[in-house]
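Take a look at the structure below.
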Amino acid sequence: MNRRDFFRRFALGIGGVALSSLLAKDAFAASAFAANPFKGLLDAPHFAPKAKRIIYLFMSGGPSQVDLFDYKPLLNKMNGQDLPESVRNGQRLTGMSAHQATLPIAGSIFNFAQHGKSGAWVSDLMPWTAKMADELCFIKSLHTEAINHDPAITFFQTGSQLAGRPSMGAWLSYGLGSANQNLPAFVVLISKDRIDQPLYARLWGNGFLPSTHQGVQFRSGKDPVLYLANPNGISGESRRKMLDRMAELHALQFKDLGDPEINSRVAQYELAYRMQTSVPEIMDISKESESVFELYGPEAKNPGSFAANCILARRMAERDVRFIQLYHPGWDHHGNLPNGIRRQCGDVDRASYALITDLKQRGLLDDTLVVWGGEFGRTNYSQGKLTATDYGRDHHPRCFTAWMAGGGVKPGISFGATDDYGYSVVQDPVHVHDLQATILHLMGIDHEKLTYKFQGRYYRLTDVHGQVVRNILA
């Protein structure tokens with residue numbers, strides 16, 4: 001044996017030992033998963049959770065905080081004047097307004113008033129939301145680094161502006177598992193007829209986590225979950241036999257390879273089989289009472305509308321789906337904002353109020369966390385021409401508003417503040433990672449301890465950042 005052969009064989013031997021060790025570790029985890037695929041990584045939450053489930057109402061496109069919740073009368077007094085450079089302070093702008101000759105301040109044309117004992121400011125665009133002001137925790141000091149939609153939405157959903165990380169719902173599924181063996185732990189609903197920007201499936205993907213934790217999109221129409229129904233000519237009995245034989249083959253494959261994804265695949269096949277019964281039942285809202293449809297408004301009987309999806313979210317909450325994400329696109333109002341935002345608020349205002357009311361009436365609000373908000377805010381100046389009745393607003397990551405309700409947050413408070421121009425946070429800033437850390441905390445998870453090792457290092461939803469916003473906790 002020459003020197004080269006010796007080192008080649010020796011290296012392969014060491015590599016084989018290392019590989020065997022890694023596969024044995026994965027095999028142990030996979031065996032535990034196979035024994036109970038609905039159990040999460042954690043034997044129990046890190047501490048007693050305040051919420052058992054989350055309904056996240058994501059307003060894709062960036063709602064204008066200065067037209068909805070962040071009342072700034074100074075903007076109306078200075079309407080049409082150029083935004084002072086001392087306020088902007090060199091902050092970067094998007095290419096859509098950076099080259100305007102001026103940045104004319106645009107006061108909101110909508111009227112604001114204070115509501116409830118909390119005195120929360122809400123514009124007349126949101127009369128139903130105003131009625132429940134004392135149930136809500138308004139966070140007015142959110143901020144982010146992302147200035148364009150895709151990285152900003154990806155940041156909110158996965159904790160990174162770059163695609164490829166697990167989504168928040170996937171992290172919760174990974175950590176806590178499923179509370180309903182006949183439904184996914186993580187479900188996604190998207191409002192129909194409001195898609196003006198793409199929403200990619202990676203926003204609810206599993207990233208590098210096992211694929212059993214990815215979100216499942218439910219659609220309106222004949223097939224709520226794609227490829228769930230048996231093909232023509234295949235009976236339920238035939239499908240059952242096929243799954244049993246496939247499970248046997250996968251067991252042999254797993255014994256040879258030790259790849260944990262094999263067991264994830266089997267678990268998904270079995271869940272899909274059970275979902276053939278559970279999904280049609282949960283998606284059928286025809287048996288809901290007329291009082292429920294009256295509460296949610298006239299669009300509630302229109303499948304795929306935001307109102308109908310809110311009813312579905314409540315039905316899923318009743319069945320302990322862990323994370324329910326509703327996307328309502330259409331908030332990207334670079335121009336014609338007054339008309340566009342009226343339409344959007346008409347879609348979501350009454351239905352959001354109905355969801356909170358419905359959950360409360362059924363005793364579900366106390367342990368259901370509801371979150372409402374988008375990926376960033378809008379500028380206090382007009383993009384394009386400013387008139388007495390029309391204006392647009394560009395993307396604004398430096399400050400925006402969201403609200404939370406139920407699930408362990410203080411009701412009837414407004415947390416954080418922006419300057420008089422509504423341009424920068426001046427009190428109690430809340431970063432995206434802070435919000436994510438707080439959401440996980442309310443579910444009983446220490447965001448620093450829920451990690452996954454991938455490509456040599458440990459990852460978590462909040463990366464290396466994030467502080468729980470304890471002043472909003474009940």
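No value in this document is a laboratory result; all are computed from the given coordinates. Predicted model, so just to flag it, every value in this text is computed and none were measured. Cβ atoms come from the backbone with ideal geometry, glycine included; neighbour counts cover every protein chain shown.
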Using the Cα centre of the chain as the reference point, and only Cβ charges (+1 on K/R, -1 on D/E), how large is the resulting charge dipole? Debye, rounded to the nearest 20. 1100 debye
Between D150 and Q467, what is 0.36 nm times their sequence separation minus the Cα-Cα distance? Round to one decimal in nm. 111.7 nm
Based on the Cβ-Cβ distance from K410 to D446, what FRET efficiency comes out when R0 is 30 Å, to the nearest 0.05? 0.90
Trypsin sites (Lys or Arg not before Pro) in segment 376-406 lying in a DSSP loop, each with at most 14 other Cβ atoms within 10 Å of its Cβ, come to K385
Under 10 Å, Cβ to Cβ, from Q161 - net charge with Lys/Arg +1 and Asp/Glu -1: -1
As straight-line cross-link partners of K241, the qualifying lysines (C-alpha separation under 23 Å, not fewer than 8 residues apart within one chain) are K255
For N339 paired with Q361, estimate the spin-label separation in nm (one decimal), with each label point 7 Å from Cα along the Cα-to-Cβ line. 3.6 nm
Using only the Cα atoms of the chain, construct the convex hull and provide its projected area averaged over every direction, in square nanometres to one decimal. 27.7 nm²
At R0 = 51 Å, FRET efficiency that the Cβ-Cβ distance of T277 and A417 yields, to 0.05: 0.50
Near A48, within a Cβ-to-Cβ distance under 14 Å, what is the net charge of the other residues, with Lys and Arg +1 and Asp and Glu -1? -1
Quick one: putting +1 on the C-beta of Lys and Arg, -1 on the C-beta of Asp and Glu, what dipole do you get for segment 139-200 around its Cα centre, in Debye to the nearest 20? 140 debye
Against the 2.2 N^0.38 Å rule of thumb, the C-alpha Rg of segment 394-433 sits at a ratio of 1.30
For G330, net neighbour charge (Lys/Arg +1, Asp/Glu -1) across residues whose Cβ lies under 15 Å away: -2
For 362-371, 216-225, 306-315, ranked highest to lowest by mean beta-carbon neighbours within 10 Å, the order is 306-315, 362-371, 216-225
Please give the peptides 250-257, 327-334 ranked by average Cβ packing (other Cβ atoms within 10 Å per residue), highest first, as a rough proxy for protection. 327-334, 250-257
Calculated diffusion of segment 413-474, Stokes-Einstein form, Kirkwood radius summed over Cα pairs, 25 °C and 0.890 mPa s, µm²/s: 187 µm²/s
Output the peptides 104-111, 235-242, 291-298 sorted from most to least packed, where packing is the average of other Cβ atoms within 10 Å over each peptide's residues. 104-111, 291-298, 235-242
Signed unit charges on C-beta, dipole axis of segment 340-474, positive-most listed residue A354, Y423, Y458: Y458
Once Lys and Arg get +1 and Asp and Glu get -1 on their Cβ, which of L125, Q197, P166 lies farthest toward the positive end of the dipole of the chain? P166
Given the options L473, T368, G175, identify the residue whose Cα lies farthest towards the positive end of the charge dipole of the chain (+1 on Cβ of Lys, Arg; -1 on Cβ of Asp, Glu). G175
Run down the lysines and flag those whose C-alpha is under 17 Å from the C-alpha of K360, throwing out any fewer than 8 positions away in its chain. K50, K52, K131, K410
Roughly how many debye, to the nearest 20, is the charge dipole of segment 248-343 about its Cα centre, given +1 on each Lys and Arg Cβ, -1 on each Asp and Glu Cβ, and no other charges? 300 debye
